[in-house]
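The values are calculated or read from the model by the stated rules, or taken from the named source; none is laboratory data. In this text the structure is predicted, and so the values were computed from the model without any measurement. A quick note on method: Cβ atoms are made from the backbone with ideal geometry, for glycine too, and the neighbour counts reach across all protein chains shown. The protein model used for the area step is the full one, side chains on, heavy atoms only, and it has no ligands, DNA or RNA in it. Shrake-Rupley method; radii C 1.70, N 1.55, O 1.52, S 1.80 Å.
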Amino acid sequence: MRKLLFIIIYLSFISPAFAGGNKAIENALHEYIKGKDARIGVAVIINGKDTVSVNGNRDFPMMSVVKFPLALTVAHWINTNGMSLNDTVTFSEKAMKEDTYSPMLKKYGKSLNAMTVRELLEWSLVESDNNAADILLHRVGGTSGVTSIMRQMGISDEIVIGASEEDMHRDPYLSYLNRTTPLAMAQLFDRFYHELRNASQLYSEISVMLEQCRTGLDRLAFPLLPTNALIGHKTGTGFPTPEGRISAVNDCGYVNLPNGTRYSVAVFVADSNYDIATTSAIITEVSKIVLEGLIKQK
């Protein structure tokens, strides 16, 4: 009887408009992706509790979204080993690969052989530099080291890092080893926003880097520009497949709207039969649907 009374009292505090609004967003997303010639997954966690999901439990390749959980493992490794973001990481000329996306290489050339952890994280998160990401990955023990740290941190085992950037450029299909579900990634961004980013100065600096992300501004961020919303996010872009498709175009992060609503969001578009611009526009439209649905609830 007490349990029943508790449930009744609990339900009385849930706003019907808010609950119905979430369902309306989910229905709108289902309707939007219907008939799209791509595999699409979306997860949204609103104010840390209410969840919207479309194909949220299915696996998708992360591409450069992987650089977000990688950054968290680097932060944990630094804290555990009594280091700081100002510590220097040295690396050989071989670490500066020329056949990969690397604004860092274009700026400094192959003679660069040392950088602080902070600089490497900035290149990895803000510019999505592949060489910077691999230098950090190898510094914390490669894919096995990152996996061990992620599990120590309680990061979901649905987020899997099994390949380096070098691995993926040697064989593009190895990128499918770096996978997640939209729900797991939205939950990780939600945990980061509500818990980790305030846990230390180190995590706080990572949040600043995410909020300065310069890639994929035509995706999640685009509909938010007129609202002055805060967005911290990480994008990922795949490769053309032999079938003429795009392996993946992704964008995931957290949003703080001026009206006080906060949400984390993960959007993955895999095996797209459209070009990069059109596939990115799918993410833009998903972001717009979520934004308009949340504004209507206020």
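Identify the single condition in (1) closer than 27 Å to Glu211 by Cβ; (2) part of a helix (DSSP H, G or I); (3) aliphatic (A, V, I, L, M) that Met115 does not satisfy, given that it satisfies every other one.
(2)
The conditions are (1) under 20 Å from Lys97 (Cβ atoms); (2) at pLDDT below 95, and Thr215 fails exactly one of them. Which is it?
Just one mismatch for Thr215, condition (2).
I'd like the residue in the range 239-258 that is outside any strand (DSSP E or B) and either of a type in the set (Asp, Glu) or in contact with a Ser or Thr (Cβ under 9 Å, 6 or more places away or on another chain) (or both) and, out of all such residues, is most open to solvent (accessible area, probe 1.4 Å).
Filtering the range 239-258 down to residues outside any strand (DSSP E or B) leaves 239, 241-245, 257-258.
From what is left, the residues that are either of a type in the set (Asp, Glu) or in contact with a Ser or Thr (Cβ under 9 Å, 6 or more places away or on another chain) (or both) are 239, 241, 243, 245, 257-258.
Values: Phe239: 33, Thr241: 16, Glu243: 130, Arg245: 68, Leu257: 9, Pro258: 92 Å².
Per the stated criteria, the residue is Glu243.
Can you tell me which residue is modelled with the lowest pLDDT among those in the range 8-52 that are of a type in the set (S, T, N, Q) and within 23 Å of the chain's Cα centre (by Cα)? First the steps, then the outcome.
Of the range 8-52, the ones of a type in the set (S, T, N, Q) are 12, 15, 22, 27, 47, 51.
Next cut, within 23 Å of the chain's Cα centre (by Cα) only: 22, 47, 51.
On the way: Asn22: 88, Asn47: 95, Thr51: 94.
Applying the filter and picking the extreme gives Asn22.
Could you please let me know if Ala266 is in contact with a helix residue (DSSP H, G or I) (Cβ under 7 Å, 6 or more places away or on another chain) and at pLDDT 95 or above? Steps first, please.
Numbers: in contact with a helix residue (DSSP H, G or I) (Cβ under 7 Å, 6 or more places away or on another chain): yes; at pLDDT 95 or above: yes.
Judged against the criteria, Ala266 is a match.
Test Asn47 against the stated conditions and say whether it is touching a strand residue (DSSP E or B) at 6+ places or on another chain (Cβ under 7 Å), farther than 27 Å from Leu177 by Cα and open to solvent by 40 Å² or more (accessible area, probe 1.4 Å).
On the way: touching a strand residue (DSSP E or B) at 6+ places or on another chain (Cβ under 7 Å): yes; farther than 27 Å from Leu177 by Cα: yes; open to solvent by 40 Å² or more (accessible area, probe 1.4 Å): yes.
Answer is yes for this residue.
A quick yes/no check of all residues on (1) among the aromatic types (Phe, Trp, Tyr); (2) in contact with a helix residue (DSSP H, G or I) (Cβ under 8 Å, 6 or more places away or on another chain); (3) more than 27 Å from Val255 (Cα to Cα); (4) at pLDDT 95 or above:
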| position | (1), (2), (3), (4) |
| --- | --- |
| Ser148 | no, no, yes, yes |
| Glu158 | no, yes, no, yes |
| Arg170 | no, no, yes, no |
| Arg191 | no, no, no, yes |
| Ser200 | no, yes, no, no |
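Between Lys97, Lys106, which is among the basic types (Lys, Arg), farther than 20 Å from Gly253 by Cβ and without any contact (Cβ under 8 Å) to a residue 12 or more places away in the chain?
Among Lys97, Lys106, only Lys106 is among the basic types (Lys, Arg), farther than 20 Å from Gly253 by Cβ and without any contact (Cβ under 8 Å) to a residue 12 or more places away in the chain.
For the range 187-235, which positions are of a type in the set (Lys, Arg), farther than 16 Å from Lys288 by Cα and open to solvent by less than 30 Å² (accessible area, probe 1.4 Å)? Full working, then the answer.
Quick first cut of the range 187-235, residues of a type in the set (Lys, Arg) only: 191, 197, 214, 219, 234.
Filter once more, keeping what is farther than 16 Å from Lys288 by Cα: 191, 197, 214, 234.
Across the range 187-235, the qualifying residue is only Lys234.
One residue is enough: does the range 145-166 have a residue meeting the conditions assigned to a helix (DSSP H, G or I), over 20 Å from Ile78 (Cα atoms) and either open to solvent by 20 Å² or more (accessible area, probe 1.4 Å) or touching a residue at least 40 places away in the same chain (Cβ under 8 Å) (or both)? Steps first, please.
Taking the range 145-166 first, the residues assigned to a helix (DSSP H, G or I) are 145-152, 165-166.
Add one more test, that the residue is over 20 Å from Ile78 (Cα atoms), and what stays is 165-166.
Among the residues that remain, those that are also either open to solvent by 20 Å² or more (accessible area, probe 1.4 Å) or touching a residue at least 40 places away in the same chain (Cβ under 8 Å) (or both) are: 165-166.
Yes; the residues of the range 145-166 include at least one that is assigned to a helix (DSSP H, G or I), over 20 Å from Ile78 (Cα atoms) and either open to solvent by 20 Å² or more (accessible area, probe 1.4 Å) or touching a residue at least 40 places away in the same chain (Cβ under 8 Å) (or both).
Taking the condition of being open to solvent by 50 Å² or more (accessible area, probe 1.4 Å), assigned to a loop (DSSP other than H, G, I, E, B) and not acidic (Asp, Glu), how many residues in the range 68-90 meet it? Give the steps one after another, and end with the answer.
Initially, the range 68-90 is screened for residues open to solvent by 50 Å² or more (accessible area, probe 1.4 Å), giving 79-83, 86-88, 90.
So of that shortlist, the ones also assigned to a loop (DSSP other than H, G, I, E, B) come out as 81-83, 86-87.
Still in the running and not acidic (Asp, Glu): 81-83, 86.
Residues meeting the conditions: 4.
Before we move on, is Thr284 under 30 Å from Tyr173 (Cα atoms), open to solvent by 10 Å² or more (accessible area, probe 1.4 Å), touching a residue at least 40 places away in the same chain (Cβ under 8 Å) and part of a helix (DSSP H, G or I)?
Working: under 30 Å from Tyr173 (Cα atoms): yes; open to solvent by 10 Å² or more (accessible area, probe 1.4 Å): yes; touching a residue at least 40 places away in the same chain (Cβ under 8 Å): yes; part of a helix (DSSP H, G or I): yes.
Against the criterion (under 30 Å from Tyr173 (Cα atoms), open to solvent by 10 Å² or more (accessible area, probe 1.4 Å), touching a residue at least 40 places away in the same chain (Cβ under 8 Å) and part of a helix (DSSP H, G or I)), Thr284 qualifies.
Could you list, in sequence order, all residues of the range 167-186 that are among the aromatic types (Phe, Trp, Tyr) and either free of Cβ contacts under 8 Å to residues at least 24 places away in the same chain or buried (at least 22 other Cβ atoms within 10 Å of the Cβ) (or both)? First the steps, then the outcome.
The first filter runs over the range 167-186 and keeps only residues among the aromatic types (Phe, Trp, Tyr), leaving 173, 176.
Once the filter is applied, which keeps residues that are among the aromatic types (Phe, Trp, Tyr) and either free of Cβ contacts under 8 Å to residues at least 24 places away in the same chain or buried (at least 22 other Cβ atoms within 10 Å of the Cβ) (or both), the range 167-186 yields only Tyr173.
Please find, among Leu224, Leu210, Leu220, the residue that is under 16 Å from the mean Cα position of the chain (by Cα), in a helix (DSSP H, G or I) and modelled with pLDDT of 95 or more. Give the steps one after another, and end with the answer.
Working: Leu224 fails: under 16 Å from the mean Cα position of the chain (by Cα); Leu220 fails: in a helix (DSSP H, G or I).
Checking each option against the conditions leaves just Leu210.
Surrounded by fewer than 18 Cβ atoms within 10 Å (Cβ to Cβ), β-branched (Val, Ile, Thr) and within 26 Å of Asp271 (Cβ to Cβ): is that true of Thr100 in this structure?
Working: surrounded by fewer than 18 Cβ atoms within 10 Å (Cβ to Cβ): yes; β-branched (Val, Ile, Thr): yes; within 26 Å of Asp271 (Cβ to Cβ): yes.
So Thr100 passes the test.
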